[in-house]
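A quick write-up on the structure given underneath.
The values are calculated or read from the model by the stated rules, or taken from the named source; none is laboratory data. Predicted model, so just to flag it, every value in this text is computed and none were measured. As a convention, Cβ positions derive from the backbone with ideal geometry for all residues, glycine included, and neighbour counts pool all protein chains shown. In case anyone asks, the SASA skips ligands and DNA or RNA and just uses the protein heavy atoms, side chains included. Shrake-Rupley method; radii C 1.70, N 1.55, O 1.52, S 1.80 Å.
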Amino acid sequence: MAVLFLGLNANAARMDMVDVSNNNGYMSTAEYVSMRNEFGVKALTVKISEGTTFKDGYAASNIANGQAAGLYVNGYHFAHYKTKAQAIVEADFADKTAKSAGLPVGAVLVTDVESQEANNQSQATNDRNNAAFMQEIQKFGYRADIYTSGSWANNKMTIKSKTSWIAAYPFVPAGKNWYSTNHAWQWSSTAKFRISYGGFDVSQLNDNYYTAGQKSTVKPTNKAAVKVNNRKASKHIYKPATSAKWVKESKTYTIKTAVKLRAGVSTSSNAIAILPAGTTVKTDKAIIQGGYRWVRQPRFNGYGYLATGPASNTLEYVKSGAAHTYYTVKSGDSWWTIAQRNGLNMTTLASQNGKSIYTTIYPGQRLVVR
């Protein structure tokens, strides 16, 4: 299998659920179909919001494209609350953001508790705040759960058996069998899929909590599987809904082969120029339309539009790497402080650098923050 975790064969654990956020960029229906057909992924958990102001700009497209691929779709909110009142305010914000992004009622809306802001609070305080968030979320028709690390579950809050979604890697706290006794166990943050760029968080489901209660989930209508060797898909590959919208995407692509830069989002639009192999293109938005994945290039007199590949292989014409922004670790920095400065959560920041939040960082290290 093409998924790597700390050098181990991916057969060591199941990949029933993948979670995604703005860090993964735009994810097409074809990529989700590939995850489902090739790797047995059943569920998708999408970042919805963070604190009381951050709305994930990719939530709506992740929800729509995941559903179109036949996955059960859930959401999560990255928590910052330190009091019961703040927890309720964040739950209200998460609900409104989830509804506007199209998260179906009946899905799970998780509170992601890993913020260093809560690190010095007592177990009783954390338990009270988490309970307040989850009780508020349930008022809106969503099912509640909590995501946290194995060490935090062991020391900073009360987590009962057959509840919660636990990230416990590369170790499992003594006496806690998180990988089989809770709703889900996240066993990697660096999984690789054949037609997707970057690393993903993958989890093993231990019951049907994350795949239940969703009447609106779209089921597959055919057996189209993405072929492995030539990276092409069946002509019956799933296509995104016709209501697909532009999403923000600030990336730099290098063209693999000559591609026409067009005046519109269609293969019949006039060609502005033919971009030769090796050309670098900076983009600001992306969309799946007319069977292709398109990106928008800002130009001095408007915009140019470039197909990065067919929907069955969204990055066939370009190299998938984005131009990275780096941050040099300074004395006193932590995963938390660096993540907050750059609008990320700690797990995302660590995983995009091939590390976990338990890895020690040192002054002088360079970390990818964009």
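Cross-link reach is defined here as a Cα-Cα straight distance under 13 Å, omitting same-chain residues fewer than 8 places apart; for residue 256 the aspartates and glutamates meeting it are 316. In this structure, the pairs whose alpha-carbon distance is over 31 Å, taken from 47/162; 42/176; 82/176; 42/82; 82/251, are 42/82; 82/251.
Under the simplified labelling scheme, the residue 328-residue 155 pair shows an inter-label distance of 3.2 nm, with each label point 7 Å from Cα along Cα→Cβ. Once the chain from residue 337 to residue 192 is taken as fully extended at 0.36 nm per residue, the excess over their C-alpha distance is 49.5 nm.
Ranked by the mean number of other Cβ atoms within 10 Å per residue, highest first, peptides 303-311, 42-50 order as 42-50, 303-311. Sorting 131-140, 74-83 by average packing, meaning the other beta carbons within 10 Å per residue, from highest down gives 74-83, 131-140.
Expressed as a fraction of 2.2 N^0.38 Å, the value expected for a compact globular protein of N residues, the C-alpha radius of gyration of the stretch 48-122 is 1.16.
Here the peptides 88-96, 15-23 are ranked by packing, the mean other Cβ count within 10 Å, and the order with the highest first is 15-23, 88-96. How large is the accessible surface per residue of the stretch 111-192, computed with a 1.4 Å probe and reported in Å² as a whole number? Averaged over the residues of the stretch 111-192, the accessible area is 40 Å². Coordinate range of the alpha-carbon atoms in the stretch 34-81 per principal axis, descending: 38, 17, 12 Å. The slack in the chain from residue 135 to residue 122, taken as 0.36 nm per residue of separation less the alpha-carbon distance, amounts to 2.7 nm.
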